[in-house]
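The values are calculated or read from the model by the stated rules, or taken from the named source; none is laboratory data. Just so you know, these numbers come straight off a predicted model, no measurement behind them. FYI the Cβ positions are ideal-geometry reconstructions off the backbone, even for glycines, and counts take in every protein chain you see. Surface areas here come from the heavy atoms of the whole protein model, side chains and all, with no ligands, DNA or RNA. Shrake-Rupley method; radii C 1.70, N 1.55, O 1.52, S 1.80 Å.
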Amino acid sequence: MADPHDEQTARPAAPDLADLQHWTWVMGRAQQMMMEQGLGLMQAGHGDAAASPAPFGAPALVQQTQDFWKDNLALWQRFVDPAAAVAPPPQSDGDARDKRFKAAAWRDDPYFDWIRRSYNLIADHMLRGVDALDGVPERQKEQLRFAARGLVDAMSPSNFPMTNPEVVEKTIETRGQNLLDGLRNMLADIGKGQLTHTSEGAFEVGRNLAMTPGKVVRRTPLYELIQYTPTTERVLATPLVIFPPWINRFYILDLTPEKSFIRWAVEQGITVFMVSWKSADASMKEVIWDDYVAAQVDAIDTIRDALGVPSVHTIGYCVAGTTLAATLALLAARDEADKVASATFFTAQVDFAQAGELQNFVTDEQLALIGALSPQGFLDGRYMAATFNLLRGRDLIWNYVTNNYLLGADYTPFDLLHWNGDTTNLPSKWHLSYLTDLYRDNLLVQPGAMSVAGQALDLTRVATPAYVQAGREDHIAPADSVWKITHLFRGPLRFVLAGSGHIAGVVNPPAAQKYQYWTNEAPAESLDAFVAGATETKGSWWPDWLAWLRAQASDEVPVEGARLPGTGALAALGDAPGDYVRQR
């Protein structure tokens with residue numbers, strides 16, 4: 001056992017005056033060296049360029065570095081001698097909308113104002129530095145931009161307790177209880193391996209989510225088929241089947257009743273079926289894309305046979321929309337295209353040349369990592385959730401670090417974020433080939449480059465009437481990328497650009513009176529040309545889709561027999577929303 005006296009004698013003595021003078025000199029000398037470097041770079045910009053060539057042949061990068069030091073010295077002058085400093089530039093719209101710095105202390109307190117301005121200065125020049133790199137391929141430069149944006153968001157002073165005035169104030173006010181509450185939140189998230197976005201227990205499938213009445217009428221090892229109970233006396237003769245993405249739960253289209261696309265569609269007199277995909281487990285380790293295409297064809301045939309109709313309307317959302325395009329190409333190759341009366345695409349891509357920031361996750365190293373994370377043949381859905389969170393790190397990661405870890409705030413109930421955290425496991429074999437064949441190699445747009453069940457696919461053979469919806473602010477399926485489907489299908493096609501993004505741009509009920517959408521009846525060769533001649537309509541695009549759908553086939557039939565779930569050839573296996581949506 002150590003002697004306390006030994007510890008006392010080993011404790012370093014308090015610094016004397018000479019030590020303080022030394023360390024003061026070190027800090028002052030370090031700052032002087034930095035300023036001399038910056039001044040040298042700025043002066044070099046006014047010298048003879050021929051006499052002192054830019055290193056690495058990157059004049060833009062040198063100029064950007066000079067600009068940084070110039071701005072940095074101006075900021076130091078403002079902090080040290082505010083009266084003599086040049087007035088700062090006016091606040092930009094981006095600064096005004098930055099929720100991280102909404103507290104008045106970020107501007108009113110000189111210390112925190114300097115921290116905020118320093119951070120914005122460094123962040124701006126880091127991102128500009130990437131753009132200034134010469135001789136770097138654009139694909140690699142975009143990966144650097146993505147990494148730089150992630151680093152910039154992570155290093156924000158709002159993410160650290162001693163550099164966030166709200167956290168400092170809260171810590172003093174609660175005597176540190178906020179940090180203990182935040183630590184409890186953080187440890188709980190570490191325990192479940194996932195960031196929490198909304199209060200636990202506020203939502204439950206079947207209780208206040210996915211409440212539209214219906215029956216499960218078919219169950220396979222890959223999906224359940226739900227038929228919803230009609231609420232009108234007559235319905236369109238042609239039924240509708242919806243294919244949601246299997247990377248999420250289907251009830252994004254059946255959130256609370258006032259937001260439910262399914263409930264709204266039923267109320268419009270449509271016989272609605274929904275596919276609910278099974279969350280992958282070890283039994284699905286051999287599942288590939290062919291199986292999902294076959295499942296879509298199986299659902300289409302099941303409905304046709306059960307209702308005695310020649311064709312169905314279809315909707316494919318996100319990756320299920322990509323798969324729906326392949327299904328249409330397969331049916332066209334088999335001369336069975338008439339099984340589908342129309343196809344609607346919610347934020348779905350088929351040409352991945354401009355597929356957005358998700359392309360940053362398809363390097364060979366990252367694909368190898370995904371394989372290593374899937375030893376049982378399926379990828380834990382929490383990894384995908386983390387990936388999508390990274391695409392909007394400021395909103396979906398660091399906002400919660402500040403509010404719930406540092407400020408110790410309680411979580412707010414939010415149905416959409418509950419759905420976002422309700423993860424689904426993915427068959428790793430198919431997931432890897434999806435990323436490789438589509439995101440990395442963009443094979444689907446090459447006729448014959450991909451096949452399903454031995455049948456080569458050619459999207460240019462698809463003549464099915466199509467309704468294509470894109471989100472103007474979509475960061476997962478960018479509107480420019482979704483637009484490319486208009487250059488491939490040869491049938492009649494209506495393109496609609498909706499306000500907002502990948503989720504809110506789709507889940508926008510008419511009663512909410514939110515956002516807007518754009519349509520253009522004239523031919524357009526590009527999305528820019530479409531927008532230039534487009535007509536803006538306030539509110540939801542759902543009524544526009546309904547009018548288009550009725551124009552494809554307006555015949556109606558009475559609600560009887562197989563139109564009532566469980567009373568026809570398809571027996572009810574259970575109540576909606578079914579079993580698969582609850583499995584983890």
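A few notes on this one:
- Pairs where the first residue, in region 352-380, is part of a helix (DSSP H, G or I) and the second is of a type outside the set (Val, Ile, Thr) and open to solvent by 70 Å² or more (accessible area, probe 1.4 Å), C-beta under 7 Å, 6+ apart: none
- Number of residues in region 429-463 that are under 24 Å from Tyr223 (Cα atoms) and under 20 Å from the mean Cα position of the chain (by Cα) equals 5.
- Taken as a whole, the structure leaves Val559 outside the set of residues that are in contact with a Ser or Thr (Cβ under 9 Å, 6 or more places away or on another chain) and either crowded, with 20+ Cβ neighbours inside 10 Å or hydroxyl-bearing (Ser, Thr, Tyr) (or both).
Residues checked against (1) touching a Gly at 6+ places or on another chain (Cβ under 7 Å); (2) over 30 Å from Leu549 (Cα atoms); (3) among the acidic types (Asp, Glu):
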| residue | (1), (2), (3) |
| --- | --- |
| Asp395 | no, yes, yes |
| Gly408 | yes, yes, no |
| Thr412 | no, yes, no |
| Leu432 | yes, yes, no |
| Leu443 | no, yes, no |
| Ala449 | no, yes, no |
| Arg461 | no, no, no |
| Tyr467 | no, no, no |
| Ala470 | no, no, no |
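- Region 156-173, residues that are open to solvent by 40 Å² or more (accessible area, probe 1.4 Å) and not in a helix (DSSP H, G or I): Phe160
- Flag for Gly408 being over 22 Å from Arg149 (Cβ atoms) and either surrounded by fewer than 17 Cβ atoms within 10 Å (Cβ to Cβ) or modelled with pLDDT under 90 (or both): no
- Region 216-229, residues that are surrounded by 22 or more Cβ atoms within 10 Å (Cβ to Cβ) and more than 30 Å from Lys285 (Cβ to Cβ): Gln227, Tyr228
- Considering Arg139, Arg116, Arg184, Arg100, the condition of being of a type in the set (D, E, K, R), part of a helix (DSSP H, G or I), surrounded by fewer than 15 Cβ atoms within 10 Å (Cβ to Cβ) and modelled with pLDDT of 85 or more is satisfied by Arg184 alone.
Table: residues versus (1) surrounded by 23 or more Cβ atoms within 10 Å (Cβ to Cβ); (2) more than 28 Å from Asn425 (Cβ to Cβ); (3) without any contact (Cβ under 8 Å) to a residue 24 or more places away in the chain.
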| position | (1), (2), (3) |
| --- | --- |
| Gln268 | no, yes, no |
| Thr271 | yes, yes, no |
| Met284 | no, no, no |
| Ile288 | no, no, no |
| Tyr317 | yes, no, no |
